[in-house]
Ligand SMILES: *[C@@H]1O[C@H](CO)[C@@H](O)[C@H](O)[C@H]1NC(C)=O
C-alpha cells in the first residue's frame, strides 16, 4: 500500500541555502541541466528502490482540493463520444461541480480574474493558436480556483476523485500530476507529466512558475522573430509540447521543486514509480494512473488502478493549432 506519512525531516542550514543560491545563480545548469531546445536526459533508476523516504518540506494545508471539474470546449462543442467520456467522470463524482469553458468564457475569465497581471491577460488574449490558449487556460484556472482539469477526450475508470490521493497525502499535496511516460522506455528518454488531467489546490506555487515560464518562453519567441505575440506563426511557435504543453509543465515543476527543495529534490526520486509519491507538495502518480497505455508494466508492478484513460482525440495537430468549426469528415 501507500507508504510514509512521516513528517518532513529535511532541514537546510543557512549555509547550505547560501551555497545553493550561489550555485543557482552562477551555474543555472545545476537546476536545469538543459540548454535551449535540448532534450532532458533522465536516466531510469533501478525499479527496486521502493523506499519510504518522506518528502522534504511539505507543509500541511487546511485547504482541500476544490470539488470542481474543468473542461474547455472547442468551437465544435462536445461530440457524442466526448459526452460519454465526460459523463464517465461526472457520474462517479456527483459532489463535484463541472465547469465548461468556451473560447469566449475563457477570455472573459482571464480578463476578470487576472487584472492584477496585465502581462498574463494581454499575452493570453493575443495568443493566435487555440492549443496555446487551451494549455495556458488550464493552468490559469487551476491556479486561480484549483480543482481538476480534464481534456474532453479523457474518461474515468471508476475510482472517485476523492480516492485518488492516498489519505496520508491529502493534507500535504497541493498539486497532483501523473506521468505520461515513466516506465518501460529506452535509456535516456524524456519523462513528462500528462496535461490531460491535472489536479490542484488554488495558488499552487508550481503553477505560478509554469505561468511565468510560459510568458517568458513566448517573450523569447517574439524577440527571436521580432513580432508581437499575435503575429506568431505556427512555424515560429515550433514545438507546442515544449512551449506550453507537457514538457513545459514538467520542466517548470522540476524547476520549482528544485527552487524550494534544493538538494532535497532529485528527479530520480520520482522516476519509475509504482505507487504515488509525494515530493514537496507535489503528488506524482505513476504512469498507470493517467497513462496506462503509454507505459509498459509487468502485471505485478501495477500497485493501483488506472484512474483515467486518455483517448488521444485531440484536434490541435494541424497548422491552425486547433479545431476549426468545420465538421470532421
Ligand atoms: C523589428 O520590426 C520593426 C517593425 O516591425 C522594425 O521597425 C525593426 O527594425 C525590426 N527590428 C529588427 C531588429 O529587425
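Does residue 165 satisfy being within 19 Å of the chain's Cα centre (by Cα), assigned to a loop (DSSP other than H, G, I, E, B) and either surrounded by fewer than 18 Cβ atoms within 10 Å (Cβ to Cβ) or modelled with pLDDT of 95 or more (or both)?
yes
Answer yes or no: is there a residue in the stretch 243-262 that is out of contact with any strand residue (DSSP E or B) (no Cβ under 7 Å at 6 or more places or on another chain), more than 30 Å from residue 167 (Cα to Cα) and part of a helix (DSSP H, G or I). It would help to see each step written out before you state the result.
Going residue by residue through the stretch 243-262, those that are out of contact with any strand residue (DSSP E or B) (no Cβ under 7 Å at 6 or more places or on another chain) are 243-245, 248, 251-252, 254-256, 258-262.
Right, trim to more than 30 Å from residue 167 (Cα to Cα) and you get 243-244.
Among the residues that remain, those that are also part of a helix (DSSP H, G or I) are: 243.
Yes.
Test residue 152 against the stated conditions and say whether it is touching a residue at least 60 places away in the same chain (Cβ under 8 Å), buried (at least 23 other Cβ atoms within 10 Å of the Cβ) and not in a loop (DSSP other than H, G, I, E, B).
Here the answer is no, as residue 152 does not meet what is asked.
Answer yes or no as to whether residue 269 is touching a helix residue (DSSP H, G or I) at 6+ places or on another chain (Cβ under 9 Å) and part of a helix (DSSP H, G or I).
Spelling it out, it is not the case that residue 269 is touching a helix residue (DSSP H, G or I) at 6+ places or on another chain (Cβ under 9 Å) and part of a helix (DSSP H, G or I).
Can you give me the number of residues within the stretch 65-87 that are part of a strand (DSSP E or B) and either at pLDDT 95 or above or surrounded by fewer than 21 Cβ atoms within 10 Å (Cβ to Cβ) (or both)? Reasoning before the result, please.
Kept after step one, since they are part of a strand (DSSP E or B), are these residues of the stretch 65-87: 68-72, 74, 77.
Now narrow it down to the ones that are either at pLDDT 95 or above or surrounded by fewer than 21 Cβ atoms within 10 Å (Cβ to Cβ) (or both): 68-72, 77.
The qualifying residues number 6.
Report the residue count in the stretch 203-232 for those that are surrounded by fewer than 17 Cβ atoms within 10 Å (Cβ to Cβ), part of a loop (DSSP other than H, G, I, E, B) and in contact (Cβ under 8 Å) with a residue 24 or more places away in the chain.
Number satisfying all stated conditions: 2.
Give the residues of the stretch 88-104 that are in contact with a strand residue (DSSP E or B) (Cβ under 9 Å, 6 or more places away or on another chain) and assigned to a helix (DSSP H, G or I), sorted by residue number.
Step one: filter the stretch 88-104 for residues in contact with a strand residue (DSSP E or B) (Cβ under 9 Å, 6 or more places away or on another chain), giving 88-93, 96-103.
If the condition is that a residue be in contact with a strand residue (DSSP E or B) (Cβ under 9 Å, 6 or more places away or on another chain) and assigned to a helix (DSSP H, G or I), then 88, 89, 90, 103 are the ones that fit.
The values are calculated or read from the model by the stated rules, or taken from the named source; none is laboratory data. Keep in mind the model is a prediction, meaning the values are calculated, not measured. All Cβ positions, glycine included, derive from the backbone under ideal geometry; neighbour counts span all protein chains shown.
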